[in-house]
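Taking it in order: structure first as structure tokens, then the write-up.
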Amino acid sequence: MQIKEAMNFPVISRTGRTSAELQTIIDTLILSNENGKPYSIEGIQPGKKYNSMQQRIRAQAKKLNLNVQIHFDKSKQTLFFRVPKVSELETVIAPVKAVVKAKDIKNVKSTVKTK
């Protein structure tokens, strides 16, 4: 073995490969973002398979900077997901004027004990 001093340190960019399944999820999230429609994946068993699939969908949505909603129908073993339109999100989020300051809140009991 011979060790020499290197003139420079190479920059290595990490690029992973995307499986066909993962690419389908990405394409479907983008499509759902454009049309607001829900999509489903059938044959998802409760437990590990469901957890794995919903984590994959959430991870890809996060990379695409999308808010995703995921629902699971245990009886049909079907996972549903969609990217809601911005107008739908605006009705769910409280308007800025409705924010209550902490000093205005009274009669709240804390369950944390301090020593």
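Select from region 1-49 the residues that are at pLDDT below 85 and of a type in the set (Ser, Thr, Tyr) and write down the one among them that is surrounded by the fewest Cβ atoms within 10 Å (Cβ to Cβ).
Per the stated criteria, the residue is Ser13.
Just a yes or no: is a residue in region 53-63 surrounded by 12 or more Cβ atoms within 10 Å (Cβ to Cβ), farther than 19 Å from Ser19 by Cα and of a type outside the set (A, V, I, L, M, F, W, C)?
Checked against the condition, which is being surrounded by 12 or more Cβ atoms within 10 Å (Cβ to Cβ), farther than 19 Å from Ser19 by Cα and of a type outside the set (A, V, I, L, M, F, W, C), region 53-63 yields no hits at all.
The values are calculated or read from the model by the stated rules, or taken from the named source; none is laboratory data. Because the structure is a prediction, the values reported are computed rather than measured. Positions of Cβ are backbone-derived with ideal geometry, glycine not excepted, and every protein chain shown enters the neighbour counts.
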